[in-house]
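Here is the structure we will look at, set down as structure tokens.
The values are calculated or read from the model by the stated rules, or taken from the named source; none is laboratory data. This is a predicted model, so every value here is computed, not measured. No Cβ is skipped: glycine too gets one built from the backbone with ideal geometry, and neighbour counts run over all protein chains shown. Keep in mind that these areas ignore ligands, DNA and RNA; they rest on the heavy atoms of the full protein, side chains included. Shrake-Rupley method; radii C 1.70, N 1.55, O 1.52, S 1.80 Å.
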Amino acid sequence: MKNALIQFVEDQVQVKDFPQFKAGDTITVTYKIVEGNKERLQKFQGVVLQRASEGSHATFTVRKISGNVGVERIFPISSPMIESIEKNKEGAVRRARIYYLRGLRGKKARIKEVMRKKDK
């Protein structure tokens, strides 16, 4: 009984079509912020630390440095507040969860970029 209800709710959730990204990629997430009766769009640009779970209940964690302080935010992929996701850079990392980035500062926290050949 309980599984049928959970499955029904998960079927009702609509997941938007976002670009493929993984840990190490730099992305910009544009999401809606509701303040009282006003809505505005805000962009959060940072490095993806992880992708967790699959399907409609998947989440991803984005980390950025703001004012010399690390800021992380976890976004549900099926959130209706996410307006768009733009992939800025593709990072070359060998892990699915790059938590080691939390302990690095400055130039040590850089991620090597994957260079793709463009077809003519």
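What the table below lists for this structure:
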item	result
Calculated Rg and Dmax of segment 14-72 using C-alpha coordinates, Å	13.2, 37
Heavy atoms of Ser78 accessible to a 1.4 Å probe, total area in Å² rounded to 10	30 Å²
For segment 67-114: rounded, prolate or oblate by the Cα gyration tensor [a/c cutoff 1.5]	prolate
Cα-based shape type of segment 1-41, given that a ≥ b ≥ c are square roots of the gyration tensor eigenvalues and the cut on a/c is 1.5	oblate
Relative contact order (%) - criterion: Cα under 8 Å, at least six apart; region: the chain	27 percent
Met115 versus Ile82: modelled label distance in nm, points set 7 Å from Cα along the beta carbon direction	3.1 nm
Debye log10 I(q)/I(0) for the chain, one point scatterer per Cα, at q = 0.10, 0.13 Å⁻¹	-0.38, -0.62
Residues with amide H under 5 Å from that of Val13, placed H, sequence gap 5 or more	none
Calculated from backbone phi, Karplus (6.51, -1.76, 1.60) coupling profile of segment 77-83 in Hz, x at Gly/Pro	5, 9, 5, x, 7, 7, 7
Length gained when the stretch Lys108-Asn68 is fully extended (0.36 nm per residue, less Cα-Cα span)	13.0 nm
Of Lys43/Lys107; Lys38/Lys108; Lys87/Lys107; Lys32/Lys89, pairs whose Cα-Cα distance is over 32 Å	Lys38/Lys108
